[in-house]
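Notes for the one structure printed next.
Here, each number is a calculation from the coordinates, and none is a lab measurement. As the structure is a computational prediction, the values presented were derived from the model and not from experiment. Here the Cβ is made from the backbone with ideal geometry for all residues, glycine too, and neighbour counts use every protein chain on show.
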Amino acid sequence: MPQRNASTEAATRETAVNGRTYRWPDRTTVVICFDGCDPEYIETASKAGVIPTLDAIRRDGFESVALAAMPTFTNPNNVSIVCGAPPAVHGVSGNYYIDRKTGQEVMMVDAKPMQAETILAALSKLGASVIAVTAKDKLRKALAHNMTGIAFSAEKAAESTMEENGIANVTDLVGRQQPDQYSADLSLFVLDAGIALIGERKPDLVYLSLSDYVQHAHAPSEAPALNFMGEVDQRVKKLLDLGAVVAIVADHGMNDMSSTAGDANVLYVGDILDAEYGEGAAKVICPITDPFVRHHGALGGFVRVHLKTSENSPDKVASFLKSLPGIEEALTREEVCARFSLPSDKEGDVAVIAAKGVALGARKVDHDLSALAGARLRSHGGLFEQRVPFIVSEKITAEFLDTKQGTDLRNFDVFDFALNGVVS
């Protein structure tokens, strides 16, 4: 694997990706996508005194709150982060979609929908030593698209090979067995793997993408969430002790979507449209759908409506849906793409966004909530999960910050800050 160049040489090397120029890191730079980490998890853990390392870098480095890409799901935001650009640029706007050309329903499990290069790939082509470790294997192929280096998932760590992942025997490297996919340890394994690889190989750039299992299952003040935050904090300290620059963002926040009685607070948009316009008049797609439905029962804060007949116009259906309690926004394809910078080929005719505390589904029969096992539904996807933490362990130069005046901070700005803005 290529070794890092001296900082004097590194400073002269840069690459352009999706309209931005990124400098070669002069020391190991780690970007962590803290999946599902609503800012409330940081604040609550801080008050509980369980994240001393994060508190220190929030105080001495850079901290803010950024906006995630819409819809606030895992795939569009992880891909936005590694591309440094919104979904309209890279083409990924959900975990699940209807291909408008073929009419087929597609679950994203690889890089096929991607239409842009990643920062990871661009720097690796320049000769940088790059590593990507994900909790879920569904993301691994997308994040490592065209990248030269090491890329594997905690979910399938025991299956890693030199040919497929650039490394074998990952479990031996980390020193424990492959974690269960429904566990806090899935994320901790990602961090531990990153720590081990940095200690052994001194890479230039590392991307670590965690799982939101804990956040789906536990509110910020609950003991398992606080314990998890403490475990993450200890691992961030190890990364800093290895001399790394560490930047942390989230792909989305998280909100309780249950009634006071504890039942899932769901609007089944497909059933509503069947009742209003007749059965089969529309097809509702839940873009949160992925192989990990036990997290959320495929219920979230954003769905897409594909109209099956020309009898009902998108404007008419959007107006009807927006009038309903529990609906925050209902936008036509043109409106939602313009407002949130989304690719039109993945959109339905109407995009529906839930009010806070409300989940949206297709038809009730389409969702198996038994997987929630009686737990409160906590999920994401809408506007109320768009605020995410944005933390860099080093100070950012005043000159760099001046260039950002008047613009909204986005989670996909994180590589720009970590590579271009850090005080040398």
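A Förster distance of 35 Å, applied to the separation of the beta-carbon atoms of Glu231 and Glu200, puts the FRET efficiency at 0.95.
Rounded to the nearest 5, the antiparallel percentage of DSSP beta bridges internal to the chain is 60%. Rounded to the nearest 20, the Cβ-based charge dipole of region 345-424 about its Cα centre (Lys and Arg +1, Asp and Glu -1) stands at 520 debye.
With a Förster radius of 51 Å applied to the beta-carbon distance between Thr403 and Asp180, the computed FRET efficiency rounds to 0.70.
The distance between label points at Ala56 and Lys308 comes to 6.0 nm (points 7 Å beyond Cα on the Cα→Cβ vector). The label-point distance for Lys316 and Asp256, in a model that sets each label 7 Å from Cα toward Cβ, rounds to 4.1 nm. Working note: 222 nm ellipticity from helices only, DSSP H runs with n ≥ 4, each -39,500 (n - 2.57), summed and divided by the residues of the chain, gives -8500 deg cm²/dmol to the nearest 500. Just how many % of Cα pairs in region 40-98 lie over 18 Å apart, if you round to the nearest whole percent? Of all Cα-Cα pairs in region 40-98, 51 percent lie more than 18 Å apart. Note that region 300-418, at 10 °C in a medium of 1.306 mPa s, gets a Stokes-Einstein diffusion coefficient of 92 µm²/s from its Kirkwood radius over C-alpha pairs. Of the two radii for the chain, the radius of gyration is 0.97 times the Kirkwood radius, both from the alpha carbons; that is the Rg over Rh value. Which of the pairs Lys322/Lys356; Lys138/Lys202; Lys112/Lys136 have their Cα atoms more than 20 Å apart in this structure? Over 20 Å apart, Cα to Cα: Lys138/Lys202. Packing around the peptides 410-417, 22-29, 83-90, taken as the average count of other Cβ atoms within 10 Å per residue, puts them in this order, highest first: 410-417, 83-90, 22-29. Here region 207-348 is assigned +1 on the Cβ of each Lys and Arg and -1 on the Cβ of each Asp and Glu. Its dipole about the Cα centre then comes out at about 340 debye.
Using only alpha carbons, region 196-290 has a radius of gyration to Kirkwood radius ratio (Rg to Rh) of 1.17.
Which shape class, rounded, prolate or oblate, goes with region 1-121 when its Cα gyration tensor gives a ≥ b ≥ c as root eigenvalues, a/c under 1.5 marks rounded, and past that a/b bigger than b/c marks prolate? It comes out oblate by the Cα gyration axes.
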